[in-house]
Amino acid sequence: MFDILAKYLLEFKHLKLPKIGVFDVSAREANADQAAGTIAPPSWVLEFISNREEAGGSENELLYNWLATSQSISKDEAIAAFKNFSADIEARLAKGEKVEWPGLGVLEQIDDQNIFVPTTENLSPFTNVSAKKL
């Protein structure tokens, strides 16, 4: 389910995992570095807010409908799959396991606080380009 939720997160820029935390994706504009003679491409920054009590709050109808449609399953099946996934992550974190989210980062629990360490600082399919003044 990691890959499916990564697609959702990148499309809608917000994902709540009940009792774990909230992931947000924000845009970062292209940036010229005159000293290095390069332009950094536009990118996205992944932020994690560990608020386990609040993250379990309201139901996310958009997510459930999106999961059902993208996976060709019923909404009830989508809800059950998502809740089972979240419960599994919560249980693994409570046992002290590090949970790797392929392509995004690693979740772990330290001193009863969920921490997320992203794989990379910026999410972008682009690379820097040379920008020499002519």
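The residue list W44, W66 contains one member that is at pLDDT below 85, at negative phi and among the aromatic types (F, W, Y), which is W44.
Is there a residue in segment 77-93 that is exposed (fewer than 14 other Cβ atoms within 10 Å of the Cβ), in a strand (DSSP E or B) and in contact (Cβ under 8 Å) with a residue 12 or more places away in the chain? Checked against the condition, which is being exposed (fewer than 14 other Cβ atoms within 10 Å of the Cβ), in a strand (DSSP E or B) and in contact (Cβ under 8 Å) with a residue 12 or more places away in the chain, segment 77-93 yields no hits at all.
Test A27 against the stated conditions and say whether it is free of Cβ contacts under 8 Å to residues at least 60 places away in the same chain and closer than 17 Å to P118 by Cβ. Can you show your working first?
On the way: free of Cβ contacts under 8 Å to residues at least 60 places away in the same chain: yes; closer than 17 Å to P118 by Cβ: yes.
Judged against the criteria, A27 is a match.
The listed residues are F12, F2, and the only one of them that is surrounded by 13 or more Cβ atoms within 10 Å (Cβ to Cβ) and in contact (Cβ under 8 Å) with a residue 60 or more places away in the chain turns out to be F2. When residues in segment 1-24 are screened for being modelled with pLDDT under 90 and more than 22 Å from Q71 (Cα to Cα), 1 of them pass.
Of the strands (runs of 3 or more DSSP E) lying entirely inside segment 10-54, those containing at least 3 residues that are within 10 Å of the chain's Cα centre (by Cα) span 14-17, 21-28, 43-49.
The values are calculated or read from the model by the stated rules, or taken from the named source; none is laboratory data. Since the structure is predicted, the reported quantities are computational estimates derived from the model, not experimental observations. When we count neighbours, we look across all protein chains shown, and the Cβ atoms used for this are built from the backbone with ideal geometry, even at glycine.
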